[in-house]
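Novice: Sharing a structure, written as structure tokens. Questions coming.
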Amino acid sequence: RRKKQLIVPFLLIVAASMATAFLLPSVYRSTATILIEEQEIPVDLVRSAVTTFADQRIQSISKLVMTRKTLKRIIEDYNLYPKKRLTVPQEMLIADMREDIVVETISTSVIDPRSGRPTEATIAFTLSFDYGVPELSQKVANELTSLFLSENISKRTKAAEGTTRFLTAEASRLNKKIEGLEGKLARFKEKNLNQLPELAQMNQQLFEQIDRELITLDGQMRSIDERKFYLEGELAQMDPNAIGRSVGGERVLSVKQRLVLLKSNHASLLARYSPNHPDVVKMASEIEVLQRLAGGPQAATELETELAVLRSNLATKLRRYSNNHPDIVKLRREISSLEATTASSRKYGATATSDAENPAYITLMAQLESVKSDGKSLRKTKENLKRKQEVIKNRLLMTPLVEQEYQVLIRDHANAVSRYQEVKAKEMEAEISQQLEVERKGERFSLLEPPQLPQESIKPKRKAIVFLGVLFAVVASIGLAAIQEILDKSIYYNNKMESIAGQPILAAVPYLESYEDVVQLQATRRFQVLGVVLALLAVTLFVHFALVPLDVLWYKGMSKLSGSELTTVGG
């Protein structure tokens, strides 16, 4: 009853699926396999400047290769998508080509040398292009492969060069910074030469040394003051015009006589002692004073002439040196001493030569003058030492303040030098890494399998379409027949009629075929035969185009048949 509902939908769906499978355009894929080779030189010896992972680099290169400009050029060079180019906008055309380019990575399990754990590592990748013409698919795949390989080389070289340029510029910047810090540090040292922290100990030692010298000077000045008071007391009790006698009744020598005697004794002392011996120095001082006293106004004039020469030298040297220069300090000391001697010569010279006649008085006056001169010299020395001590004290007080800024400069300079050395070391590594990329010794892409001319299409999957079509046809036809059977209210069996009527059936009249029924039955059979013929033709076409060509199938069948006959004859 349901032959039509089973056969007609089945045949229609199968025919539609087979038509779909054969009418859809074929798409061919040409694939290139690119191997990711490791760096030839061990990483422990030379590190590459390219630190990205292989899959990341593949993705970035894909973005660079599949730019709008590049894909547009390839489409125009190979005249791709000729029909679409007439109707589809260029942006959609480029988007379609991006979908036709397939990049797939090939990974394998390896042991991570850093952690010792198994991990996935990308060792290669495939680059494919899908197109309806096999030859164009291969050509475009070749073009894309060349772009990938060249872009990888360019990208790695640029990365190495960029790293080297950056580190070189950074090293130059740090070098300029170091030079600036060194200049700033030199100016700071020049400005605070005597207040630097490293001179604090020396300044402390100088301060203590001056303190000890001041204590010694205080003792010497007390001795001189005592000697001065003694001589002034003796002079107060002595008549300048009396002829001096010694305790033994001997006459006291005059200034000139004593000068002669002292010179003789001085020569004797020099024969026995060095010029720095205290007795020699003391006697030389007395001789100098007596010479000036004995010289009178003429000696004073000579002293004034010498004083004028010293003052002229001082004025000349002050133009070249500062007040603290040793030569300036020495000249000032000599001028002060000579001024005191000149004054005493004027004051006492005339008295000693004209008024005073007592040789003992004159001798005491000379000794008193010598003591006063020594005391004045000691006082000046003490004042100089105190000034020097005050300067050193100020240095010590300023040292902590100077040290703070000085340590900041030292730390900044040390940090800059350390950073510079680090950057220079990295710069050398970058230069070696750049040379590594130039000589193609680093990680690189190698063409393992070039794109081949595809022999079979990858789309559409005709076998799958036909199989799914047959499966759907079976399900649809059975389902349609079942639904019609459920909805049909006709009575086809005696027992069903008995159940409806509630009475037994006495007789059943068979269906009598009319002429129209016979004609319709013959037409149905002719339609069935035509359907079978069409189905056989469709199956033949499917086998020829989807599975194996008929001539190849015939050749294989004949070969097997010939082989079996030969085997039989031979047996």
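The values are calculated or read from the model by the stated rules, or taken from the named source; none is laboratory data. A quick note: this is a predicted structure, and the numbers were derived from the prediction, not measured. Here the Cβ positions follow ideal geometry from the backbone for every residue, glycine too, while neighbour counts run over all protein chains shown. In case anyone asks, the SASA skips ligands and DNA or RNA and just uses the protein heavy atoms, side chains included. Shrake-Rupley method; radii C 1.70, N 1.55, O 1.52, S 1.80 Å.
Novice: Check the range 120-136 and report whether any residue there is open to solvent by 40 Å² or more (accessible area, probe 1.4 Å), in a strand (DSSP E or B) and at pLDDT below 90.
Specialist: Checking the range 120-136: at least one residue is open to solvent by 40 Å² or more (accessible area, probe 1.4 Å), in a strand (DSSP E or B) and at pLDDT below 90.
Novice: Name the one entry in SER109, SER150 that is assigned to a strand (DSSP E or B), without any contact (Cβ under 8 Å) to a residue 24 or more places away in the chain and over 22 Å from the mean Cα position of the chain (by Cα).
Specialist: None of the other options fit; the residue is SER109.
Novice: While we're here: Going through the range 268-289 one residue at a time, which ones are loosely packed, with under 10 Cβ neighbours inside 10 Å and not in a loop (DSSP other than H, G, I, E, B)?
Specialist: ALA271, ARG272, PRO278
Novice: Next question. Would you confirm whether any residue within the range 164-179 is at pLDDT below 85, among the small types (Gly, Ala, Ser), surrounded by 13 or more Cβ atoms within 10 Å (Cβ to Cβ) and in a helix (DSSP H, G or I)?
Specialist: No: zero hits.
Novice: Hey, among ALA416, ALA430, ALA425, which residue is open to solvent by less than 60 Å² (accessible area, probe 1.4 Å), of a type outside the set (Ser, Thr, Tyr) and closer than 30 Å to GLU151 by Cβ?
Specialist: Sole residue among the options that is open to solvent by less than 60 Å² (accessible area, probe 1.4 Å), of a type outside the set (Ser, Thr, Tyr) and closer than 30 Å to GLU151 by Cβ: ALA430.
Novice: Of all residues being part of a helix (DSSP H, G or I) and in contact with a Lys or Arg (Cβ under 8 Å, 6 or more places away or on another chain) in the range 64-90, which is modelled with the lowest pLDDT? Just the residue, please.
Specialist: LEU64
Novice: Can you tell me how many residues within the range 180-202 are under 16 Å from LYS388 (Cβ atoms) and modelled with pLDDT of 80 or more?
Specialist: 1
Novice: Within the set of pairs 6 or more residues apart or between chains, which connect a residue that is modelled with pLDDT of 85 or more inside the range 401-416 to a residue that is open to solvent by 60 Å² or more (accessible area, probe 1.4 Å) with Cβ atoms less than 6 Å apart?
Specialist: What qualifies is ALA416/LYS177.
Novice: Pairs, please: C-beta under 8 Å, at least 6 apart or cross-chain, first residue within 25 Å of MET365 (Cα to Cα) and in the range 259-283, second open to solvent by less than 60 Å² (accessible area, probe 1.4 Å) and among the β-branched types (Val, Ile, Thr)?
Specialist: Listed pairs, sorted by first residue: LEU259/ILE287; LEU262/ILE287; LYS263/ILE287; HIS266/VAL280; HIS266/ILE287; LEU269/VAL280.
Novice: Write out, first by first residue and then by second, each pair whose Cβ atoms fall under 6 Å of each other, whose residues are 6+ apart or on separate chains, and whose first residue, in the range 19-38, is closer than 22 Å to GLU135 by Cβ and part of a strand (DSSP E or B) while the second is among the basic types (Lys, Arg) and open to solvent by 60 Å² or more (accessible area, probe 1.4 Å).
Specialist: Pairs found: VAL27/LYS459.
Novice: Just to check your reading of the model, which residue among ALA356, ALA360 is within 25 Å of LEU261 (Cα to Cα) and at pLDDT below 60?
Specialist: ALA356
Novice: On to the next question. Looking at the range 222-235, can you tell me whether even one residue there is surrounded by 14 or more Cβ atoms within 10 Å (Cβ to Cβ), modelled with pLDDT under 70 and of a type in the set (Lys, Arg)?
Specialist: For the range 222-235, residues surrounded by 14 or more Cβ atoms within 10 Å (Cβ to Cβ), modelled with pLDDT under 70 and of a type in the set (Lys, Arg): absent.
Novice: Among (1) modelled with pLDDT under 80; (2) under 30 Å from THR33 (Cα atoms); (3) open to solvent by 60 Å² or more (accessible area, probe 1.4 Å); (4) not β-branched (Val, Ile, Thr), which single condition is LEU448 missing?
Specialist: Going through the list (1) modelled with pLDDT under 80; (2) under 30 Å from THR33 (Cα atoms); (3) open to solvent by 60 Å² or more (accessible area, probe 1.4 Å); (4) not β-branched (Val, Ile, Thr), LEU448 breaks only (1).
Novice: Something else: Just checking, how many residues over the range 203-221 are free of Cβ contacts under 8 Å to residues at least 60 places away in the same chain and either among the polar types (S, T, N, Q) or surrounded by 13 or more Cβ atoms within 10 Å (Cβ to Cβ) (or both)?
Specialist: Looking only at that region, the number is 3.
Novice: Filtering the range 365-407 down to residues that are more than 18 Å from VAL281 (Cβ to Cβ), touching a helix residue (DSSP H, G or I) at 6+ places or on another chain (Cβ under 6 Å) and of a type in the set (S, T, N, Q), which residue is most open to solvent (accessible area, probe 1.4 Å)?
Specialist: Checked the range 365-407; the qualifying residue most open to solvent (accessible area, probe 1.4 Å) is GLN389.
Novice: Which ones in the range 363-418 are of a type in the set (S, T, N, Q) and touching a Phe, Trp or Tyr at 6+ places or on another chain (Cβ under 7 Å)? Working first, answer last.
Specialist: Going through the range 363-418, the residues of a type in the set (S, T, N, Q) turn out to be 363, 367, 370, 373, 377, 381, 384, 389, 394, 399, 404, 407, 415, 418.
Listed by number, the list holds a single entry, GLN389.
Novice: Under 7 Å by Cβ, and 6 or more places apart or on different chains, what pairs join a residue from the range 165-186 that is under 13 Å from ASP412 (Cβ atoms) and of a type in the set (Val, Ile, Thr) with one that is open to solvent by less than 20 Å² (accessible area, probe 1.4 Å) and at pLDDT below 90?
Specialist: ILE178/ALA416
Novice: From the list SER377, SER336, SER322, pick out the single residue that is part of a helix (DSSP H, G or I) and at pLDDT below 75.
Specialist: Numbers: SER377 fails: at pLDDT below 75; SER322 fails: part of a helix (DSSP H, G or I).
After ruling out the rest, the residue left standing is SER336.
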